Each structure stands twice: as C-alpha cells, then as structure tokens.
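Everything on this sheet refers to the single structure shown next.
Just so you know, all these numbers are worked out from the coordinates, no wet-lab data involved. It should be emphasised that the depicted structure is a prediction, and the values quoted were computed from it without experimental measurement. When we count neighbours, we look across all protein chains shown, and the Cβ atoms used for this are built from the backbone with ideal geometry, even at glycine.
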Amino acid sequence: MYQVDRAYSYIFYVSLVLYLVSIFWGLFVTPEDFVQGNSYRIIYLHVPASFISQSLYIAMAIASAIFLIWKVKLSAYLVRSIAPIGAITTFIALISGSIWGIPTWGTWWVWDARIVSTLILFIMYLGLISLHDSFSNHEKADKFLSILVLVGSVNIPIIKMSVEWWSTLHQPASITISDKPAIDLVMLYPLFGSIVGFAGIVACLVILSSKLQILRRERNKSWIKNYV
Amino acid sequence: MNIIKFELLKLRNKSRGWLGPILVFILIMVAFPLTVEISNKDLDQSFFAVLWIAVLLVMMLATEDIFLEDFNDGSLEQFAISDISFPYIISVKIFIYWLLIGVPISIIGSLFCLGFTNSGNLAINIFPILLITSYIFINVFSFGNALSLTKGSVLGTLVTLPLLLPLLIVLGKAVISINLNLNYLGFVALLLGVLSIIIFLIPLIISYIIRAHLE
Amino acid sequence: MFNFEFNSLAEAFLMQSQNGQNHGIFVWSVLIIVFVSILATFIFYKMSIKKITKKLK
C-alpha cells in the first residue's frame, strides 16, 4: 500500500496532463469534420469512456477468476471496488453518446444494439453493487459477486455478435463514423492520447476505491493501525 | 428415476407453484389487446413483443421459490451430501419446473399466436422457439434465485435479467425472419447452442453457490 | 500543425459548423458533465477515505 500511495500521484498527474492536453488539442486544434461538423469533437470525451467501461468489466472478470481459483482476497476487494467506477464510466459514455446523438442523428436515443448493450452494461454494474451490498457476510458476498461477474462476462462476446446481426438486418442510416474511411492521423493522435489519459485517471479512481475497500474490510487487523 | 418422480410429485402438489405462473401468462396475453385498438394492424407486431416479455416475467415468477422451501426445511442440505450427484438433482429440479410450467406456456403461447396472427405457419414455427427459450429462461433465473437464496428472489432475478437481454434481440430477429419467410433455422440452432451450454453449466454453478450458502 | 481552428473565444464557444448549426452547446455540456462527474467521484472517495482513517485513528 505504501508503494501504491507513492505511484498514485505520478499516475494521477501524468495522466491528468495527458488527458487535458489531448482534450484541448481535440477541441480546439483539430480541423472540423466534413460530415458531422464540429459536434464530432465529442468523440474525444465519448470514446475513452465507452472503451474504458468495457475494459473495466473484463478486468473485473479476470480479478474474479483469480479470486475463485487462487482465493486471493485482494482481488475480491478489487472486483467490488471496480464496480462503481465502471458504473460511472458507463454513465458518462451513455450521456455523452446521447448528447452527441442530438446534432448528428436528430434524436437523443436510438434502439441500436450498441447503445442498448451499453445500457445493459450500466444496469449490470448497478446490479452487481446491489447484490454485494445485500449480504452482510462479506466472504459469501465476494464469492457470489465473482461468480456473477464471470457468468456475466459471457455476455460480452454475445453483445459483440448481436451488433453485427443488428447492422446487417437494419440498414444503419448515418449512424457511425466507421462508415467513413479511416480517421485522419491529425484526429487520431489526440483520440489516442485522451484514451490513455482517461485510462490513467480511471486507474487512480480504482486505486482510491480499492483503498477505501481495504480500509473498510480490514479495519480490525493490526497492520492497518500501523498504516494509518 | 426415483428423484424425477419425487420432484414431479412435489411440484404437482404445490399447485400455486405451477398454476399461478400459467394463469398470469394467460392473463397478460388476454389483457394486453385491451390497451391497443382492436382494429390496429400493428397488433401482430406488438403481439410478439408482449409474448417474449410475458414469457420472461412468468419464468421469473415461476422460479420464485425453486430452492427456497427445500433450503428452509433442510432437504437441500440432505441432497448436497447424498450419493447422487448434486448438480444432477438440480438439473432434474429445473427440468421438472420446465415440464410443468414451460411446456404449457409454450403450447398456450403458440395457440395465442394462432389467434392473433391467423397464421398456422407462424404458430407452428414459434412453438419450438418458445420451448427452447422458456428452458433457457428458467435455467438462468434459477441461477439468479440461487444467488440471493436467503435474500428474497427479486434481487437475484433482477441481477440476472440483463444477461438475457441479448437473447431477446435474437428472438426478435427470429420472428422477423419467420414473418418474411426467410430461413430462421440459424436462430433456432443458435438458441439450441446456448441451451446446450447452459444446461450443463448452470447446475454446476448452482451447486457451487448452494454449497457456499450451506457453509 | 498547431494552428487553432477558432479565432476567438466566442467562436470557440459557439462552434459554428459548415452547415450553419452551432454545435458548441453539445460539446461544452458533455465536457462539463464528464469533468463534473469525475471530479465528484474523486471528492467522494477522498472524503470517505479521510472519514474512515479518522475513525481508525
């Protein structure tokens, strides 16, 4: 925990600077998009959030597998502490996506498979939190939570496939930017920077959240008194 | 063989357990046209939407106390330490529930389909899909119930509900392709594939969960 | 490479596109929502860690 405390500030400042610089670059320096106009600049806020929200679930699944196989108690804490962070990033992705939808699609919500799957992800994060909180016995709750996360991770490839089916049957009108030829390099660099920076910020949040989790669960242990 | 008979008798005598969900299903199917204009030509479109949601909710209702009573009177503990393998007992239990609730609902659902859409072809084709779907739903919801065994059934089924939503997309696609006379066997094969994985995996997971509950 | 798209602050606020629509409000509201929610999460976790350490001491 001491090492993590020391690393935390480095991660935080580096990723914050990277994120802010690439957001600034994306908002003011990159040229206007020909198809969507200036509203495409939301991509620098939307794509990192939706990308990280899915990778956080995969991280949770890996942590819960580690917990179930090797009984590492820390990874169970990690599963519990990632869940609210994942809910927040998914919320950001949903909100920014629907605001982006107003100027580009003319409506703030489309029952498109990708949007619905993000909503499902959000509901699942909330459900995981409520399941864990309903048990007063934390060890049992850890076990059930990690089982549910593992079973739920089956959903991710299914969701990916359903996106393909959906777009084959329904002609997507002017929905995605992936129809265009590949993104120009001038736009790609700040996007990449904002993804990495946002990942760093989210990692800091996960560190804080798991620290809170450790302090809560281990409050009766003697080493925690030395640490505090 | 003995255990199948035993579970069948147990569920048959508890008529609230199997008759209630079927009646709720019939009630939903009878009541929803009242909210739509009778002559509305979109009725058979909305029929399928209501049908899948009704099956989903009824299965949620049906698995409400699938493990709870056995857990409370201690017979689940007896099963867990008996000679017969515990996942086998659980899969038998789920199968009996499907036999007494899922199969009647599939028959009634395809009859309603005949009544609403006036198309025998559609009603015949929807029947196997309903059978497979209800079995998948019952499996996943009993997993949810096992998760929140002592905490009431609502929480666990709510948590597992999002797992089933991609399946609803597949079902919608299957109905569209039946309507357009396209080949829908791919969707049936996909549902069967999902079922064949679930049918083996879910009893194993549930037995692990219930053992954790009994600790 | 490093030349600004907008000449003044007001222009950057409105973000008028080639088709004449002003997209600034969407971009800025998303920016505010993202920043506020991240900041709120940070503050929440910092506060609760502080509270629990105080209790442990």
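Structure above, values below:
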quantity	calculated
Burial ordering of C:46, C:57, A:211, fewest other beta-carbon atoms within 10 Å first	C:57, C:46, A:211
Centroid-to-centroid separation of the range B:42-84 and the range A:98-130 [C-alpha atoms, Å]	29
Square roots of 5 times each gyration tensor eigenvalue, C-alpha, the range B:2-214, largest first, Å	32, 18, 15
Value at 222 nm in deg cm²/dmol, rounded to 500, when DSSP H runs of n ≥ 4 in the protein assembly as shown each add -39,500 (n - 2.57)	-26500 deg cm²/dmol
Which of B:82, B:148 has the fewest Cβ neighbours within 10 Å, and the rest in rising order	B:82, B:148
Point-charge dipole on Cβ atoms (K/R +1, D/E -1) for the range B:2-214, about Cα centre, debye to 20	140
Cα-centred dipole magnitude for chain A, charges only on beta-carbon of K, R (+1) and D, E (-1), debye, nearest 20	1120
The range A:8-85: chymotrypsin sites (Phe, Trp or Tyr not before Pro) falling in loop per DSSP and having at most 11 other Cβ within 10 Å	A:34
Contact order normalised by residue count of chain B, Cα under 8 Å, 6+ apart, percent	24
Helical segments meeting 24 Å axial Cα length and Kyte-Doolittle 1.6 threshold in chain B (DSSP H)	B:43-62, B:153-179, B:185-214
Set of lysines near residue B:10 by C-alpha distance (under 21 Å), chain-local residues within fewer than 8 positions excluded	B:93
Square roots of five times the Cα gyration tensor eigenvalues for the range A:3-94, Å	33, 18, 9
Selection from B:79, B:27, B:58, by position along the positive dipole direction of the range B:1-98 (Cβ)	B:27
Helix axis angle, A:185-217 relative to chain A longest principal axis, alpha carbon, degrees	20
Hits among lysines - C-alpha to C-alpha of residue B:173 under 28 Å, sequence gap 8 or more where chains match	A:160, A:180, B:41
Shielding by partners - mean other protein chain Cβ count within 10 Å, residues of A:36-46	6
Peptide B:192-198 - average C-beta neighbours from other chains (10 Å radius)	1
Entries of B:151/C:57; A:73/B:151; A:143/B:14; A:221/C:51; B:151/C:50 with Cα pairs more than 29 Å apart	B:151/C:57; A:143/B:14; B:151/C:50
Selection from A:103, A:208, A:37 lying farthest towards where the dipole of chain A points positive, charges on Cβ	A:208
Neighbouring partner chain Cβ atoms per residue of C:30-36, average, 10 Å criterion	6
Global size of the protein assembly as shown as Cα Rg and Dmax, reported in angstrom	26.0, 83
Of B:155, A:192, C:49, farthest towards positive along the dipole that unit charges on Lys, Arg, Asp, Glu beta carbons give the protein assembly as shown	C:49
Magnitude of the charge dipole, the protein assembly as shown, Cβ model with Lys/Arg +1 and Asp/Glu -1, debye to 20	1920
Order of A:139, B:7 under a 10 Å beta carbon neighbour criterion, fewest first	A:139, B:7
